[in-house]
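Beneath this line is the structure, given in structure tokens, with notes to follow.
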Amino acid sequence: MTQTVDNGQLFQLSTMSSLLDGVFEGAMSYDEIKAFGDFGIGTFEHLDGEMIAFDGEFYRLRGDGTATPLKSEDKTPFCSLTYFKPAVTKTFEHPLNKSAFEAEMKKLMKSENLFYAFRIDGVFKEVSTRTVSYQEKPIPMTEAVKTQPVFHFKNVKGTVLGFWSPAFTQGIAVSGFHLHFIDEERKGGGHVFDYELDHGTLKVDQKTHMSLYTPETKGFLNANLSREDLEKEIKVTEG
């Protein structure tokens, strides 16, 4: 697949609401999605791990604590990707917990109604992550996360990255901050639900528009994307 991609574009495969409904079929392979960016997050077919990508390198973070580079045939039902071109950089020399650091990130945003990509490289006093595990049969994601392994990284050097999506995108994306982590040694990480930065550097890239790709897999075509308890379900799955 040959694509011409705008650097101001945030590309998204499928919707968060489809994951909530248990649509875990792979819709695109690694060879296909890498044309849409060198930076991003997502998950995998059968919900088999978390995706993190930066500097053009893509990794699968699994529930057994491992991190492995993607293979051509690896497939994803949902991911968000972009070409990371940060225009803002800020260094932090003092510790900040999650809420304090999010406040600092928001100060660098022109508006909460726009899209942003974030990357934080540094030393973290703690990063708490979860990593979804392989699901043989489609089940609601709120059920799948009940057995997810949780990891607590202490005094670790690594990278946290992801996106801010506006409130009006909830259900298409995850509104607010959606971040993943990988350690410097590329041995482990996952979906971030809490962290405390000791010191590090933040880079911010504002995106002008989103390109949404809706797959034609059987699961997506038959999914119930009208979620009565959307906010509650996303809160359960995102932590």
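The values are calculated or read from the model by the stated rules, or taken from the named source; none is laboratory data. Predicted model only: the values in this text are computed from it and were never measured. Here Cβ is always computed from backbone atoms with ideal geometry, including for glycine, and neighbour counts include all displayed protein chains. When the accessible area is computed, the model is the full protein with side chains, heavy atoms only, and any ligands, DNA or RNA have been set aside. Shrake-Rupley method; radii C 1.70, N 1.55, O 1.52, S 1.80 Å.
Note on the chain: dipole from Cβ charges, positive end direction compared against PRO86, GLY158, ILE33; the farthest Cα belongs to PRO86.
Overall size of the chain from C-alpha positions, given as principal axis extents largest first: 50, 37, 37 Å. Taking every DSSP beta bridge that has both ends in the chain, the antiparallel portion is near 90%. Note on ALA35 and LYS154: their simple-model spin labels are 4.7 nm apart, each label 7 Å out from Cα toward Cβ. Springs join every pair of Cα atoms under 10 Å in this Gaussian network model of the chain, and among ALA100, ALA173, ALA144 the largest mean-square fluctuation is at ALA100.
Of the residues THR208, THR131, the one with the largest accessible area comes first in the ranking THR208, THR131, computed with a 1.4 Å probe on protein heavy atoms.
Straight-distance candidates among the aspartates and glutamates for linking to LYS218, with alpha-carbon spacing under 12 Å and chain neighbours fewer than 8 residues away dropped: GLU25. Going Cα to Cα from LYS34, which lysines come in below 19 Å? Please leave out same-chain ones fewer than 8 positions away. Partners found: LYS71, LYS75, LYS85, LYS207.
Distance from the alpha carbon centroid of the range 102-175 to that of the range 200-239 works out to 12 angstrom.
Relative to the longest principal axis of the Cα atoms of the chain, the long axis of helix 98-107 makes an angle of roughly 90 degrees. Distant-in-sequence amide contacts of GLN170, defined by a placed amide H-H separation under 5 Å and a gap of 5 or more residues or a different chain, comprise SER175.
Across the chain, the relative contact order, built from alpha-carbon pairs under 8 Å that are at least six residues apart, equals 29 percent.
Split the accessible area of the chain by element, probe 1.4 Å, and carbon with sulfur accounts for 47%. For the pair LYS146 and THR68, the difference between a 0.36 nm per residue extended length and the Cα-Cα distance amounts to 25.7 nm.
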